[in-house]
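What follows is one structure encoded as structure tokens, with my remarks underneath.
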Amino acid sequence: MAEIIVVTSGKGGVGKTTTSASLACGLARKGKKVAVIDFDVGLRNLDLIMGCERRVVYDFVNVIQGEANLRQALIKDKRFDTLFVLAASQTRDKDALTKEGVETVLKALADDGFDYVVCDSPAGIEKGAFLAMYFADHAVVVVNPEVSSVRDSDRILGLLSSKTRRAENGETVKNSLLLTRYNPRRVEDGEMLSIQDVEEILGLKVLGVIPESTDVLSASNKGEPVILDMETVAGQAYDDTVSRLMGEERPLRFTSNEKKGFFSKLFGA
């Protein structure tokens with residue numbers, strides 16, 4: 001049985017697609033068979049970050065509309081034999097996605113032996129976002145440590161507890177918090193919420209904390225999910241997150257401001 005993970009948020013621009021790509025690559029690197037699906041019909045960014053945009057022939061909507069079968073539309077990643085991408089359509093309306101169609105695709109992936117299906121949700125509460133979360137077993141709620149992002153994510157948590165298939169069956173979706181663009185210095189200066197602030201407001205423990213880093217944008221521009229660059233702190237933080245997702249114990253890193261000693265300050269080291 002495939003575990004369906006939705007990567008979601010209330011606010012746009014918090015790093016959902018970066019997170020979806022990194023989680024999918026991290027799980028595949030650990031030997032799991034993974035499909036990552038772009039639910040953002042009309043925009044389609046996942047294939048760019050995964051570096052397979054030129055290989056998209058058929059997309060998610062083509063499969064749902066019966067214009068192609070799932071095997072035709074799945075793009076096999078060049079780095080991992082067990083990782084596949086299902087791109088969104090850039091030319092269709094969001095109403096092209098249907099609950100029945102999404103369920104059929106997810107069932108087919110489960111029947112094909114996939115261990116995980118990562119659903120990259122659009123921001124907000126429109127149809128694509130609703131369908132991305134409806135069938136989820138586990139929701140990774142991506143939040144920036146600032147008030148508007150946290151407030152909007154609280155709304156998403158309400159929907160996860162009431163408008164999903166699990167909720168209809170009297171069950172719960174497992175919710176995890178992922179903090180992105182975290183800057184300990186700005187937290188100390190009172191410009192950002194702390195990890196503890198966000199956990200307290202949302203009532204969730206963090207699954208991972210991704211530090212603010214220019215490496216994330218550089219990796220995205222190269223079509224290489226940042227988790228693949230283990231020289232970067234963001235890559236290491238995402239790798240820790242994947243390990244925790246799979247039940248391993250990993251301490252939180254890159255969450256405190258390094259204090260420079262006297263000689264470091266003196267010589268600028």
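Take the Cα of residue 71, go 7 Å toward its beta carbon, and the backbone nitrogen atoms of the stretch 96-132 under 19 Å from that spot belong to 104-115. Of the trypsin sites (Lys or Arg not before Pro) in the stretch 169-251, the ones in a loop by DSSP (not H, G, I, E or B) with at most 13 other beta carbons within 10 Å are 205, 222.
Pick out, in residue order, every one of the trypsin sites (Lys or Arg not before Pro) in the stretch 49-142 that is DSSP loop and has at most 15 other C-beta atoms within 10 Å; say none if there are none.
Taking the stretch 49-142 and a limit of 15 other Cβ atoms within 10 Å, the loop trypsin sites (Lys or Arg not before Pro) found are 78, 79.
About its Cα centre, the stretch 3-246 has a charge dipole of approximately 420 debye under the convention of +1 per Lys or Arg Cβ and -1 per Asp or Glu Cβ, with nothing else charged.
When the charge dipole of the stretch 3-246 is built from unit charges on Cβ atoms (+1 for Lys and Arg, -1 for Asp and Glu) and taken about the Cα centre, the candidate among 213, 61, 28 whose Cα reaches farthest toward its positive end is 61.
Scanning the chain for GluC sites (Glu not before Pro) that sit in a DSSP loop and have at most 16 other Cβ atoms within 10 Å, the longest stretch containing none of them is 1-66.
Around the amide H of residue 181, modelled in the peptide plane, lie the amide H atoms of 210, 212, all under 5 Å away and 5 or more residues distant in sequence or on another chain. Here's the list of aspartates and glutamates a cross-link from residue 163 could span, going by alpha-carbon distance under 12 Å and ignoring same-chain residues fewer than 8 apart: 171. Karplus-based coupling profile of the stretch 6-15, in residue order and whole Hz: 9, 9, 9, 6, x, 9, x, x, 9, x, with θ = phi - 60° in 6.51 cos²θ - 1.76 cosθ + 1.60 and x standing for Gly or Pro. Considering only 233, 12, 86, and ranking their Cα positions along the charge dipole of the stretch 3-246 that arises from unit charges at the beta-carbon of Lys, Arg, Asp and Glu, the one farthest toward the positive end is 86. Each Lys and Arg Cβ is given +1 and each Asp and Glu Cβ -1; about its Cα centre, the stretch 112-269 then shows a dipole of about 300 debye. Quick check: Cα centre of the stretch 232-255 to Cα centre of the stretch 74-131, how many Å? Centre-to-centre distance over Cα atoms comes out at 25 Å.
Treat the stretch 3-246 as a sphere of radius equal to its Kirkwood radius over Cα pairs and apply Stokes-Einstein at 10 °C in a medium of 1.306 mPa s; give the translational diffusion coefficient in µm²/s, rounded to a whole number. The Stokes-Einstein estimate is 89 µm²/s.
Percent relative contact order of the stretch 3-246, based on C-alpha pairs within less than 8 angstrom and at least six residues apart? RCO, the stretch 3-246: 26 percent. For residue 148 and residue 172, the difference between the fully extended length at 0.36 nm per residue and the C-alpha to C-alpha distance is 6.1 nm.
Read-outs: derived from the displayed coordinates by stated rules, not from any lab. From a predicted model like this one, the values you see are computed outputs, not experimental measurements. Positions of Cβ are generated from backbone atoms using ideal geometry, with glycine treated the same way; all protein chains shown enter the neighbour counts.
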